[in-house]
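Only one structure is covered here, and it is reproduced in the block below.
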Amino acid sequence: MRQKHVIDLETARKVAAAADYEALQHGLQVVIAIVDDGGHLLYLQRDAAQAGSVEVALGKAKSAALFRRPTRAFEEMVENGRQGYLAMPKVMPLEGGEPLVFQGEIVGAIGISGASSTEDGEIARAGASAIQ
């Protein structure tokens, strides 16, 4: 029987702490959303970041989890003329969503919003690296 790995709250907090540390190093205020592999919210952190970034961060995390790839991939496709991705349900074509991988298996995702798209991506990758 195959055993499925899952992300727990302790791991989600570890991922968020790594992302928060990266954001603070650059003086950025962001929203951090962490979801399980089904895109369900496990952890959300918002301090002084704008309220509108909550849904964006959650959308990035859900997109990365459900489609099992960084949201930057969708941003690049749209930039290259594949406008159809803008109409796909649950696709957030903005950098800042990264799958969370444990022992080669996607267990969830992190979404970051509040800074530039590139900065959001750097912060998300810093968080994701906390469990790889």
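Bear in mind these aren't lab numbers, they're just calculated from the coordinates by the rules spelled out. From a predicted model like this one, the values you see are computed outputs, not experimental measurements. Reconstructed Cβ throughout: ideal geometry from the backbone, glycine too, with neighbour counts over all protein chains shown.
Would you check which residues across the range 19-44 are touching a residue at least 24 places away in the same chain (Cβ under 8 Å), of a type outside the set (Phe, Trp, Tyr) and more than 18 Å from Ala64 (Cα to Cα) and list them?
Asp20, Glu22, Ala23, His26, Leu28, Gln29
Scan the range 57-85 residue by residue and report those that are more than 26 Å from Ala16 (Cβ to Cβ) and basic (Lys, Arg).
Arg82
When the range 57-67 is examined, which residues are found to be surrounded by fewer than 22 Cβ atoms within 10 Å (Cβ to Cβ), farther than 12 Å from Val107 by Cα and either touching a residue at least 60 places away in the same chain (Cβ under 8 Å) or more than 10 Å from the chain's Cα centre (by Cα) (or both)?
The one that is surrounded by fewer than 22 Cβ atoms within 10 Å (Cβ to Cβ), farther than 12 Å from Val107 by Cα and either touching a residue at least 60 places away in the same chain (Cβ under 8 Å) or more than 10 Å from the chain's Cα centre (by Cα) (or both): Phe67.
Which of the residues spanning the range 7-64 are part of a loop (DSSP other than H, G, I, E, B) and in contact with a strand residue (DSSP E or B) (Cβ under 7 Å, 6 or more places away or on another chain)?
Answer for the range 7-64, where residues must be part of a loop (DSSP other than H, G, I, E, B) and in contact with a strand residue (DSSP E or B) (Cβ under 7 Å, 6 or more places away or on another chain): Ile7, Val30, Asp37, Ala49.
Yes/no matrix, rows are residues, columns are (1) surrounded by fewer than 20 Cβ atoms within 10 Å (Cβ to Cβ); (2) among the charged types (D, E, K, R); (3) under 13 Å from the mean Cα position of the chain (by Cα):
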position: Met77; (1), (2), (3): yes, no, no
position: Leu86; (1), (2), (3): yes, no, no
position: Ile106; (1), (2), (3): yes, no, yes
position: Gly127; (1), (2), (3): no, no, yes
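Please go through the range 68-125 and give me each residue that is touching a helix residue (DSSP H, G or I) at 6+ places or on another chain (Cβ under 9 Å), assigned to a strand (DSSP E or B) and in contact (Cβ under 8 Å) with a residue 40 or more places away in the chain, ordered by number.
Leu100, Phe102, Ile106, Val107, Gly108, Ala109, Ile110, Gly111, Ile112, Ser113
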